[in-house]
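Here is the structure we will look at, set down as structure tokens.
The values are calculated or read from the model by the stated rules, or taken from the named source; none is laboratory data. The shown structure was predicted, so the numbers you read here are calculated from the model rather than taken from an experiment. Here the Cβ positions follow ideal geometry from the backbone for every residue, glycine too, while neighbour counts run over all protein chains shown. Surface areas here come from the heavy atoms of the whole protein model, side chains and all, with no ligands, DNA or RNA. Shrake-Rupley method; radii C 1.70, N 1.55, O 1.52, S 1.80 Å.
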Amino acid sequence: MNNVLKWFTRDSFILPVVAIIMGLILGGVVMLIGGYNPIEAYGALFTKVFGDMYNFGEAVREMTPLIMTGLAFAFASRAGLFNIGGEGQFLVGMTAATFVGVKFAGLPIYLHAPLALIAGALFGGLWAAIAGYLKAARGVNEVISSIMLNWIGLYLANLIVRQFLLLKGENRSVDISESASISLTWLSELMGNSRVHMGTLIALVMAVLFYIYMWKTKQGYEIRAVGYNPNAAEYAGMHVNRNIVKAMFISGMLAGLGGAFQVLGVFQYQTVMSGSPGTGFDGIAVALIGLNHPFGVLLGAVLFGTLTYGSAGMSFAADVPPEIIRIVIGSIIFFIAAQGIVRWILKPFYSKRKKEKVL
Amino acid sequence: MDLLTIGQIINTTLVFATALIFASLGGIFSEKSGVTNLGLEGFMVFGAFAAGIGAHYAQEAGMGGTTSAWMGVLLAIVLGVMVSLIHAVASITFKADQIISGIVINFLAAGSTLYLVKLLFEGSGDSPLVQGFSKFDVPLLKDIPLLGEAFFKNVYPTTYLAILFVFLTYYIMFKTPFGLRLRSVGEHPSAADTVGVKVLRYRYIGVMISGALAAIGGAAITLTTTGTFSHNTVSGQGYIAIAAMIFGKWNPIGAFGAAVFFGFSQAIRNYVQLFEWSQSIPQEIIFMLPYLLTIIVLVAAVGRSSAPSALGEAYDPGKR
Amino acid sequence: MGAATPVVELKQITKRFPGIVANDAISLQLRKGEIHALLGENGAGKSTLMNIVFGLYQPDEGSIEVNGKPVIIDSPNRAIDLGIGMVHQHFKLVQPFTVTENIILGSEPTKGLNINYKKAAAEVQRLSEQYGLKVNPHAKIHDISVGMQQRVEIVKTLYRGADILIFDEPTAVLTPQEIKELMIIMKKLVAEGKSIILITHKLKEIMEISDTVTIIRRGKVIDSVKTSETNPNELAEKMVGRNVTFKVDKKPATPGANVLEVSKLTAKNKEGISVLNQLNLNVRAGEIVGIAGVDGNGQSELIEALTGLRKVESGSILLEGKELSNHSPRHISESGVAHIPEDRHKHGLVLDFSVSENIVLESYYKAPYTRKGFLNFDAIKQQAKRLVEAFDVRTPSIETKARSLSGGNQQKVIIAREVDKNPELLIAAQPTRGLDVGAIEFVQKQLIAQRDQGKAVLLISFELDEIINVSDRIAVIYEGQIVGEVLPEETNDRELGLMMAGSTQKRGTAHE
Amino acid sequence: GCGSKPKEETNAGGDKGGTPTEEKSDLKIGMVTDVGGVNDKSFNQSAWEALQATETETGTAVKYLQSKSDEEYIPNLNEFVKGGYDLTWGIGFQLADAIKTVAEQNPDAKLAIIDSVVDAPNVKSVTFAEEEGSYLVGVVAGLTTKSNKIGFVGGMESPLIKKFEVGFREGVKAVNPDAQFISNYTGAFDKPDLGKAAAATLYNEGVDIIFHASGATGNGVFNEASARKKQGQDVWVIGVDKDQSLEFGDEITLTSMIKKVDEAVKRVNKEVVDGTFAGGSENLTLKENGVGIADTSTANVSADTLAKVEEYKEKIISGEIKVPTE
Ligand SMILES: Nc1ncnc2c1ncn2[C@@H]1O[C@H](COP(=O)(O)OP(=O)(O)OP(=O)(O)O)[C@@H](O)[C@H]1O
Ligand SMILES: Nc1ncnc2c1ncn2[C@@H]1O[C@H](COP(=O)(O)OP(=O)(O)OP(=O)(O)O)[C@@H](O)[C@H]1O
Ligand SMILES: [Mg+2]
Ligand SMILES: [Mg+2]
């Protein structure tokens, strides 16, 4: 209990919270300048998300893939890798899940859905592992290779959908078979048909597993050591290259699983896409808001998802252009990153607190 | 393939490469000073936006096509520098993580430019069409076989400007005191500090030049390619510019080469479609080509990383 | 000159860092033309004080006078204007730049808009000739020896017209030959009217070259004495606050069977040049073999080959008869080799890990630290507590990040970890570099204790004194080969120095 | 300065209440755009203009929601459906599945979609015979070309875009069988730079007329043409969906293939107002005047050619010519 209290008064809790508040205020100022009423706008935003079960369910649906791509980025970060390729891994995972979902029809439900999920994770992981391998074996900077793999992933996804899975006359794949779906139909019906699915639960489990793996296991210890100081890790007998590939693989698995959720839980099919959905890039922001910690990522995804999903309500009810939410999110990340600014603003409060502590 | 076609491919390549050249040079200025710049994309977006509205209002004010286009470039530079200060303040003064700060720029760019366009143009999602720069031929030189077609016919002033900036950047970086100091600040800030080079000041300047150049790159897209600014005017080219900078090993000539390579691999994806045999391969494979090619070249041609040693680290005189 | 105003006078300088008073009302006078030594334990506050003089830190209290005039030194620029130059403990050189570029940085001669490299190089040449500082103006820093890098640092200060030079532990990284050269240079500098503040942990150097010594302990000045009126024992006692024995007392060695047998070992360096050429070496149980040699003769590569960090081209490395060459670091470590690395920040520690995490850096995967893939924190903490206590690591807690420990205590963490492995062979590379005499004593005692337990110890050090005092047998390395072996009782600095220069080798040409 | 702008303009004029109309209805009509938004100079914009026109004419309240991603189609549609709107439009084939889902979950709601057929009793589907309109501009191109090389720039390859390409090609072939036809796909609807490169490639090949069906990617096609025109090269672009000469000028816009999305939307809106709305699908062809060529074509297209166009139009309407779609 005491621990919990300490948690709330720690800098790592207070600073992000203040940063969020400051980001919201800044967004409000921008709205005022544009001639909009920020109170009304934020009101509409939060009403949209929390006003009824349907929209709440949909907001959760919005958060779920963000959790996964956020975890993916955070995981690689812990190994000292900058995985900007979440986007491509997400797409490849999505495609693998669609493929299994469509082609392996006839499997019983307890096999089909898990198999499709595993395929998504596996191929997302392999996609990322390419970048990991190129870095480990050839010293290719993972930032460039992942950027390239994002594009290749997009076209590969389209290629597979169009060549193997196309629904005739349409620009999308045929539906996955019922047995591969991870929709929670009963819950969905309870929540006004919002597209809630099992993926959300899996995402939460993944965050916990991430935490345990990274801080409680031998392998996590290795990955962190490699992330902080590859030289010392090598000296201590760890396989640096193997850990780089492994970290990328796991990172990609998380992103790929996120992609699989979208197909198996939300859409039940995959369209031919003209551009990538952006969930991978948003995941970077989510991870940054969450300070690359799995539980932080959960909160980051809740925040990011609430803001983006709610922005539709904002523009619907208060006529505020939804783009403003990008400014708000940008500002929040800015204040979280530039903690110096927050500290500076909090200075008066801080010195007071210090004094209290001394007493 | 005849000489004419080759010349034309080179010409198209250069048009594609122009924005990338500017932005990757911008990246070099920032990163050579030790500040990671993942915000190139954002700077380009701001530049493209400023060029769109700048040229529009200049045209409204009665200026001719080219003059108004230059006004657009000017506004892009101003806005690029202003926005770069956000990155500078956060990452240099307040020692924020430079990667995060760059990503913040991208978020702000995506949000605020579109918001502003909507405010300025009655809810429209893009800025009004402007004339932009026109292509021109260089007399006499244009008749040289191959070279004429490639470099002196149907060219935009921005392409020449970009090439000029490559050499200018090289000169500044490697021949002037300013360049020496800028590089020293990115390699070993405390060494620079102890000989009286103002580390933070040089980093600010590096980031500001970066903002200006990347913004010119964005402006070049609006003023030569799209004619308007909308949310997808830049669409990821800032990231490609980062790749070009890394690929070119933070050297202006190298980055130029890499940008041209990216431009080329984009250009050929259209040319490939002209061939009969291309009809039998799925389009996606052709679209993948530039990116696959990049990875292959990267794998074949890697060497020691030549990133500035202090890249990404905030300078803290007290830290050892 | 005794009555003249001091060139630098520090008055009651106080500097606080969070939780510590690094300088506590320190006063100090530097006279013109003198070499003033500053002595103190690790963390005593020497570097801090000098950083204040050089404008890198601002004092919280106190004032500074230069040539009798009160000054505020708020930046290195200001210090340079006042004629103060500093050669830092960790060189402030830009690796990919040339010597000339490093020297002129910040005050470049120009021709039009361009840097006038011709003029710059000529000026560098002139300065280096005037003071006998051999530097190659066109070489890149990463291609030149540590000794030359230091000379570049000196030329840098002279180029800026410094009259007051501060040297922070200049000899910690130099070979005996280079140290000798540096001493000559310093003497030349004072002869030309410059004044020098010298920080060093080596009492021998202080006795040899300084005019005055100021001793600092825990941020306070303990005493300031004329060198001619003191002796090393007195200095050491003042500094540490207790008696320090310099002669490491050890029982005669009783060597047993061969533990390490290296034969015809050949390996290449990063650039693919052969740096170990058919090297032969053996270390027996219960003895310390010291490797003496000038930096760059293959020491680092030898260690890396022995520990599995570098590929062996040919030859063999036998540990108790088992072949180790080209095995993984982990395999070698498990076979019973422990290694105190040369560069503690690069290889020895994960600075962002806690002390306890660093303690298990090489054993984390074994029981009891890992059970079924999960870390066993109780066991790890227990081990960390035990070692922190046994080796007297001064740290606020075992959860403290290694980064915030002092150099000496960081070294203790590494030694604790390595020694506790109970290895057959302990490789110690530069184990006392940069440590104060108290810490050095501790480290050396640990090495000897290992030997006394019947372990084989391989010591690589540039400090001849250390080699002579600690080793039971000395092997001299030159151009990738062991060119001779001597017993410490039967040799001296001079003979070793000559051997290290390759003079016993027929094909070796002594450079002088 | 920008603060003074009335906010109604950024979005629905639902509460504007500006235009006095006799039969003030209390109906509400909403529309959901695809990611293009209501200012895409294409069907989203046409549809929104039609909604606004309906508002002016009948006093119906109208509002739109722009989707930021594919996932948002359903919640955006639901925003209207659950908000009691009397008709909800989905604009673009991309919304087809979303419309279907929402229609099935809300059998009492009325929905409508452009460019795709959704099989549900409460959905009105409006599609267009793009191939027929494209055929007509193909006729124009075939008769106007001087180089005898004609190009097509497509966005992403899809059944819909194929209709444009095939119709256009057939039109060219009908009047100028010798003309060479080259098509180039860019893989995107929102990349003007790719459109520009594609156009440059085609023009370099000697093509003098390009028909594009590539959304905003087409901006690059116009840009390239305009740059070449200024250089004295005799090149043309044929616009798509709307009369693009209004935006890009008739110096470079030869003609445009028009889809009368606005007419269609207005008509369905009217059905709702009148209470005659019924599900089902209609394909608007030349006959219904659902597609056609821009009226401004007279500026650049010769009267002879336009006469020929008229001729072919009659043939298609009469069924004498059946334009293929793939
Ligand atoms: N920037 C800093 N922030 C906080 N504490 C510091 C800082 N620099 C030095 N200290 C602390 O001040 C004290 C004095 O450090 P200083 O570097 O002056 O020691 P030193 O005498 O040079 O030691 P050494 O012999 O190891 O070089 C130490 O306890 C150190 O931990
Ligand atoms: N920012 C800092 N915060 C806390 N302590 C610091 C900081 N910077 C330096 N120190 C401490 O100052 C002391 C002296 O630092 P210095 O740079 O002289 O290294 P050192 O201890 O002599 O070790 P080495 O010579 O091996 O680098 C050390 O105890 C170090 O831990
Ligand atoms: Mg020190
Ligand atoms: Mg030290």
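Is one or more of the residues making up the stretch C:231-252 open to solvent by 20 Å² or more (accessible area, probe 1.4 Å), at pLDDT 90 or above, of a type in the set (D, E) and more than 21 Å from the chain's Cα centre (by Cα)? Looking through the stretch C:231-252, none of the residues is open to solvent by 20 Å² or more (accessible area, probe 1.4 Å), at pLDDT 90 or above, of a type in the set (D, E) and more than 21 Å from the chain's Cα centre (by Cα). Got a number for residues in the stretch B:245-276 being over 12 Å from B:T18 (Cα atoms), among the hydrophobic types (A, V, I, L, M, F, W, C) and part of a helix (DSSP H, G or I)? Summing the residues that are over 12 Å from B:T18 (Cα atoms), among the hydrophobic types (A, V, I, L, M, F, W, C) and part of a helix (DSSP H, G or I) in the stretch B:245-276 gives 7.
Yes or no: the stretch B:195-204 includes at least one residue that is touching a helix residue (DSSP H, G or I) at 6+ places or on another chain (Cβ under 8 Å) and either within 21 Å of B:F256 (Cα to Cα) or more than 14 Å from chain C (Cβ to nearest Cβ) (or both). Looking for residues that are touching a helix residue (DSSP H, G or I) at 6+ places or on another chain (Cβ under 8 Å) and either within 21 Å of B:F256 (Cα to Cα) or more than 14 Å from chain C (Cβ to nearest Cβ) (or both), one finds at least one in the stretch B:195-204, hence yes. If only residues of the stretch C:158-177 that are under 19 Å from C:L10 (Cβ atoms), within 14 Å of chain B (Cβ to nearest Cβ) and more than 16 Å from ligand 2 (Cβ to nearest atom) are counted, the one that is surrounded by the fewest Cβ atoms within 10 Å (Cβ to Cβ) is C:A162.
Search the stretch C:419-440 for residues being open to solvent by 30 Å² or more (accessible area, probe 1.4 Å) and within 15 Å of ligand 1 (Cβ to nearest atom), and hand back the single one that is nearest to the chain's Cα centre (by Cα).
C:R433
Quick check on my filter: what residues within the stretch D:145-171 are open to solvent by 40 Å² or more (accessible area, probe 1.4 Å), on the phi < 0 side of the Ramachandran plot and of a type outside the set (G, A, S)?
If the condition is that a residue be open to solvent by 40 Å² or more (accessible area, probe 1.4 Å), on the phi < 0 side of the Ramachandran plot and of a type outside the set (G, A, S), then D:K146, D:K149, D:E157, D:P159, D:K162, D:K163, D:R169, D:E170 are the ones that fit.
Comparison of A:V263, A:V302 shows that the only residue that is within 23 Å of A:V100 (Cα to Cα) and within 17 Å of the chain's Cα centre (by Cα) is A:V263. Mind listing whichever residues of the stretch C:451-474 are open to solvent by less than 10 Å² (accessible area, probe 1.4 Å) and more than 25 Å from C:I199 (Cβ to Cβ)? Answer for the stretch C:451-474, where residues must be open to solvent by less than 10 Å² (accessible area, probe 1.4 Å) and more than 25 Å from C:I199 (Cβ to Cβ): C:R451, C:A456, C:V457, C:L458, C:L459, C:S471, C:I474.
With respect to the conditions (1) closer than 26 Å to D:P75 by Cβ; (2) assigned to a helix (DSSP H, G or I), A:Y36 lacks only one, and its number is (2). Of all the numbered requirements in (1) more than 10 Å from chain A (Cβ to nearest Cβ); (2) part of a helix (DSSP H, G or I), B:L298 misses one, and that requirement is (1).
Would you pick out the residues in the stretch C:330-368 that are of a type outside the set (V, I, T), part of a loop (DSSP other than H, G, I, E, B) and either under 15 Å from A:P230 (Cα atoms) or touching a Phe, Trp or Tyr at 6+ places or on another chain (Cβ under 9 Å) (or both)? Within the stretch C:330-368, C:P341, C:D343, C:L349, C:L351, C:D352, C:F353, C:L361, C:E362, C:S363, C:Y364, C:Y365 meet the criteria.
The rows are residues; the columns are (1) open to solvent by 30 Å² or more (accessible area, probe 1.4 Å); (2) free of Cβ contacts under 8 Å to residues at least 24 places away in the same chain.
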site: B:Y204; (1), (2): yes, no
site: B:A215; (1), (2): no, no
site: B:Q266; (1), (2): yes, no
site: B:R269; (1), (2): no, yes
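Mind checking which residues of the stretch C:413-430 are more than 14 Å from ligand 4 (Cβ to nearest atom), within 23 Å of C:L351 (Cα to Cα) and not in a strand (DSSP E or B)? Those that are more than 14 Å from ligand 4 (Cβ to nearest atom), within 23 Å of C:L351 (Cα to Cα) and not in a strand (DSSP E or B): C:V413, C:I414, C:I415, C:A416, C:R417, C:E418, C:V419, C:D420, C:K421. Restricting the stretch C:104-136 to residues that are among the aliphatic types (A, V, I, L, M) and more than 9 Å from chain B (Cβ to nearest Cβ), the residue that is surrounded by the most Cβ atoms within 10 Å (Cβ to Cβ) is C:V124.
A single member of A:V29, A:V60, A:V18 is within 14 Å of chain D (Cβ to nearest Cβ), in contact (Cβ under 8 Å) with a residue 60 or more places away in the chain and either closer than 18 Å to A:G265 by Cα or assigned to a helix (DSSP H, G or I) (or both), and it is A:V60.
On inspection, C:I35 qualifies as more than 14 Å from every other protein chain (Cβ to nearest Cβ), open to solvent by less than 10 Å² (accessible area, probe 1.4 Å) and more than 16 Å from ligand 3 (Cβ to nearest atom). Here C:R394 does not fit the description of being without any contact (Cβ under 8 Å) to a residue 60 or more places away in the chain, within 13 Å of ligand 1 (Cβ to nearest atom) and within 14 Å of chain A (Cβ to nearest Cβ).
Of the helices (runs of 4 or more DSSP H) lying entirely inside the stretch C:138-255, the ones with 1 or more residues being within 16 Å of ligand 3 (Cβ to nearest atom) and touching a residue at least 12 places away in the same chain (Cβ under 8 Å) are found at C:146-159, C:203-209, C:232-240. Checked against the criterion of being touching a strand residue (DSSP E or B) at 6+ places or on another chain (Cβ under 6 Å), open to solvent by 10 Å² or more (accessible area, probe 1.4 Å), within 7 Å of another protein chain (Cβ to nearest Cβ) and free of Cβ contacts under 8 Å to residues at least 40 places away in the same chain, the candidates B:K118, B:K175 yield just one match: B:K175. In the stretch D:72-169, counting only helices (runs of 4 or more DSSP H) that sit wholly within it, the ones holding 1 or more residues that are under 18 Å from the mean Cα position of the chain (by Cα) and within 12 Å of chain A (Cβ to nearest Cβ) span D:96-105.
Go over the candidates A:I250, A:I244, A:I202, A:I223 one by one and state the one that is assigned to a helix (DSSP H, G or I), among the aliphatic types (A, V, I, L, M) and either open to solvent by less than 10 Å² (accessible area, probe 1.4 Å) or within 14 Å of chain C (Cβ to nearest Cβ) (or both). Sole residue among the options that is assigned to a helix (DSSP H, G or I), among the aliphatic types (A, V, I, L, M) and either open to solvent by less than 10 Å² (accessible area, probe 1.4 Å) or within 14 Å of chain C (Cβ to nearest Cβ) (or both): A:I223. In the stretch C:35-52, the qualifying residues are those that are out of contact with any helix residue (DSSP H, G or I) (no Cβ under 7 Å at 6 or more places or on another chain) and either more than 10 Å from ligand 1 (Cβ to nearest atom) or at positive phi (or both), and the one that is modelled with the highest pLDDT is C:H36.
Restricting the stretch C:78-103 to residues that are surrounded by fewer than 19 Cβ atoms within 10 Å (Cβ to Cβ) and away from ligand 3 (no atom under 16 Å from the Cβ), the residue that is farthest from C:R31 (Cα to Cα) is C:P96.
The residue list D:V221, D:V237 contains one member that is more than 13 Å from the chain's Cα centre (by Cα), within 11 Å of chain B (Cβ to nearest Cβ) and of a type in the set (A, V, I, L, M), which is D:V221. Scan the stretch A:131-162 for residues that are assigned to a helix (DSSP H, G or I), open to solvent by 40 Å² or more (accessible area, probe 1.4 Å) and not aliphatic (A, V, I, L, M) and the total you get is 5. Taking the stretch C:28-132 and the strands (runs of 3 or more DSSP E) fully enclosed by it, the elements with 2 or more residues that are within 16 Å of ligand 2 (Cβ to nearest atom) are at C:35-40, C:84-87.
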